[in-house]
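The values are calculated or read from the model by the stated rules, or taken from the named source; none is laboratory data. Computed from a predicted model, the values in this text were never measured in an experiment. Neighbour counts are summed over all protein chains in view; Cβ atoms, including those assigned to glycine, are modelled from backbone coordinates with ideal geometry.
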Amino acid sequence: MRKFPEPIANLVAAFMYLPGVGPKTALRYVYSLLSLPKDQIKIFGKLIQELPESITICRQCLSHAQKELCEICASPNREKHLLCIVELSRDISTMEATQAFRGYYFVFGGTLNPLEGQTPQTLHLRQLLTHLETHPEIQEVILAFSPDVLGETTMMFLAKQLKALGKRVTRLARGLPTGASLEFADEITLGDAFKGRKEI
Ligand SMILES: [Zn+2]
């Protein structure tokens, strides 16, 4: 195994915390950074350093936001009877890009995966039920998870919980390829899947 100066080895190890980044990719990133002008490397470091202070969690939808309430939750101009549940914060921007949805969102925080320790207790089930209790105007809940095994399992679980509360529960139309990640769906396909949503 090649030896690298300690600061390089440490940064390689840090990059490997990111999904899909192995030692080779991490090393490429570090050397790419080193090829940049010093000022640019400093800006890069500063942006990362500021991230935990500049980003918080929206108290209503639990997405990443700059304020206590994200822009969507703070907006009075959205459809109050619609709530779209997504897996992660990043899925909100994917849904927003379709311009097909004008309701509010809720971030569930992942998919059910007991083998990885992701259970209703570690995800946001309790917060979701409280949110629905304090917002009785919500009539329809749209489950917008990726149509893969974990996404399907999570949607089935949530549908059961939410229907017991008397909510209309829908999911995106099957236009999305099975196993596909919402993250990589194009805006038109996702927009169509949204408009053609089906009751569970
Ligand atoms: Zn919010």
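I'd like to check something: does the range 163-170 contain any residue that is more than 20 Å from the chain's Cα centre (by Cα), over 22 Å from Arg78 (Cβ atoms) and among the hydrophobic types (A, V, I, L, M, F, W, C)? Yes, the range 163-170 contains at least one residue that is more than 20 Å from the chain's Cα centre (by Cα), over 22 Å from Arg78 (Cβ atoms) and among the hydrophobic types (A, V, I, L, M, F, W, C). The criterion of being within 9 Å of the ligand (Cβ to nearest atom), at pLDDT 95 or above and part of a helix (DSSP H, G or I) holds for Cys73.
Pairing residues of the range 48-70 that are in contact (Cβ under 8 Å) with a residue 40 or more places away in the chain and assigned by TED's automatic domain parsing to the domain that holds Thr134 with residues that are within 11 Å of the ligand (Cβ to nearest atom) and of a type in the set (Gly, Ala, Ser), at Cβ distances under 7 Å and at least 6 apart in sequence or on separate chains, gives Ser63/Ser89. When Ala65, Ala97 are checked against the criterion of being farther than 16 Å from Val141 by Cα, within 12 Å of the ligand (Cβ to nearest atom) and among the hydrophobic types (A, V, I, L, M, F, W, C), Ala65 stands alone in meeting it.
Criterion first (surrounded by fewer than 13 Cβ atoms within 10 Å (Cβ to Cβ), over 17 Å from the mean Cα position of the chain (by Cα) and assigned by TED's automatic domain parsing to the domain that holds Ser93) does Ser75 satisfy it? Taking the combined requirement at face value, the residue satisfies it.
Taking the range 74-129, which residues are of a type in the set (Phe, Trp, Tyr) and more than 16 Å from Thr153 (Cα to Cα)?
If the condition is that a residue be of a type in the set (Phe, Trp, Tyr) and more than 16 Å from Thr153 (Cα to Cα), then Phe101, Tyr104, Tyr105, Phe106 are the ones that fit.
Please work out if Lys46 is assigned to a helix (DSSP H, G or I), surrounded by 11 or more Cβ atoms within 10 Å (Cβ to Cβ) and either within 13 Å of the ligand (Cβ to nearest atom) or not aliphatic (A, V, I, L, M) (or both). The answer is no for Lys46.
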